[in-house]
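This report refers to the structure that appears directly beneath it.
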Amino acid sequence: MKNIVIFGAPGSGKGTQSDKIVEKYGFKHISTGDVLRDEIKNGTELGKTAKEYIDNGQLIPDSLMIDILASVYDSFGKVEGVIFDGFPRTIPQAEALKSMLAERNTEVSVMLDLEVPEEELMDRLIKRGQISGRADDNEETIKKRLTVYHNQTSPLIDWYKADGKYTYIKGTGALDTIFADICDAIDKA
Ligand code: AMP
């Protein structure tokens with residue numbers, strides 16, 4: 001059983017590469033962003049709360065995210081592997097993930113850090129917004145999300161280095177080259 005954290009700034013390709021991992025390895029995929037967007041679509045209370053944060057480019061409070069994550073994880077039952085995409089995004093979330101997995105006698109196998117330079121992230125997200133219609137893929141919100149990434153999420157790089165799980169992945173270039181690097185890291189984990 002492998003637990004893979006796919007990490008990176010907004011627009012670094014976490015969702016795209018997660019789909020390829022699912023296809024090759026048959027792992028389950030938790031995208032906390034997708035979970036929240038479904039809640040919004042279904043008009044739930046959680047969706048209403050989440051929408052305000054998402055539209056502002058802010059993170060949803062940790063306590064809420066951690067509960068959601070544990071319930072999705074437990075709904076999978078016995079599986080070969082799980083990909084965590086968009087979680088953790090803060091140090092308290094990383095600590096919560098570690099204890100949640102420890103309670104279930106498992107642990108993060110590897111953290112894959114998809115590194116993409118800031119100008120390219122901006123370009124990719126603006127282009128994605130034109131296709132996806134995602135409300136948070138507009139220039140103003142993208143800038144806020146990148147600031148949130150730098151302030152709240154990027155400290156996880158050192159956190160996972162200290163935890164011995166960090167792997168750098170060059171996130172630019174051909175999709176298949178990036179995926180091949182990811183597969184190497186997963187196979188070694
Ligand atoms: P994503 O699809 O991963 O880019 O997430 C879209 C938005 O959902 C983020 O900008 C946050 O507002 C919210 N979100 C997703 N995952 C998390 C998380 N782990 N913690 C807090 N907020 C999150």
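The values are calculated or read from the model by the stated rules, or taken from the named source; none is laboratory data. These numbers were taken from a predicted model, which means no experiment stands behind them. Glycine also receives a Cβ, built like all others from the backbone with ideal geometry; neighbour counts cover every protein chain displayed. Quick note on the areas: whole protein, heavy atoms, side chains included, nothing else; ligands and nucleic acids left out. Shrake-Rupley method; radii C 1.70, N 1.55, O 1.52, S 1.80 Å.
Looking at Pro88, Pro117, just one residue is buried (at least 21 other Cβ atoms within 10 Å of the Cβ) and within 25 Å of Asp136 (Cα to Cα), and that residue is Pro88.
None of Asp136, Asp163, Asp181, Asp113 is touching a residue at least 24 places away in the same chain (Cβ under 8 Å), on the phi < 0 side of the Ramachandran plot and in contact with a strand residue (DSSP E or B) (Cβ under 6 Å, 6 or more places away or on another chain) except Asp113. Open to solvent by 70 Å² or more (accessible area, probe 1.4 Å) and assigned to a helix (DSSP H, G or I): does that describe Arg128? The answer is yes for Arg128. Can you say whether Gly164 is open to solvent by less than 50 Å² (accessible area, probe 1.4 Å) and either farther than 17 Å from Ile83 by Cβ or not in a helix (DSSP H, G or I) (or both), as far as the supplied structure shows? For Gly164, the condition - open to solvent by less than 50 Å² (accessible area, probe 1.4 Å) and either farther than 17 Å from Ile83 by Cβ or not in a helix (DSSP H, G or I) (or both) - is not met. Taking the conditions exactly as written (open to solvent by 60 Å² or more (accessible area, probe 1.4 Å) and within 14 Å of Lys165 (Cα to Cα)), does Lys78 satisfy them or not? So Lys78 does not fit the description; no. Of Asp184, Asp137, Asp158, all but one fail to be among the charged types (D, E, K, R) and farther than 22 Å from Pro88 by Cα; the exception is Asp184. Considering only residues in region 80-97 that are within 20 Å of His29 (Cβ to Cβ), of a type outside the set (A, V, I, L, M, F, W, C) and in contact (Cβ under 8 Å) with a residue 40 or more places away in the chain, the one that is farthest from the ligand (Cβ to nearest atom) turns out to be Glu80.
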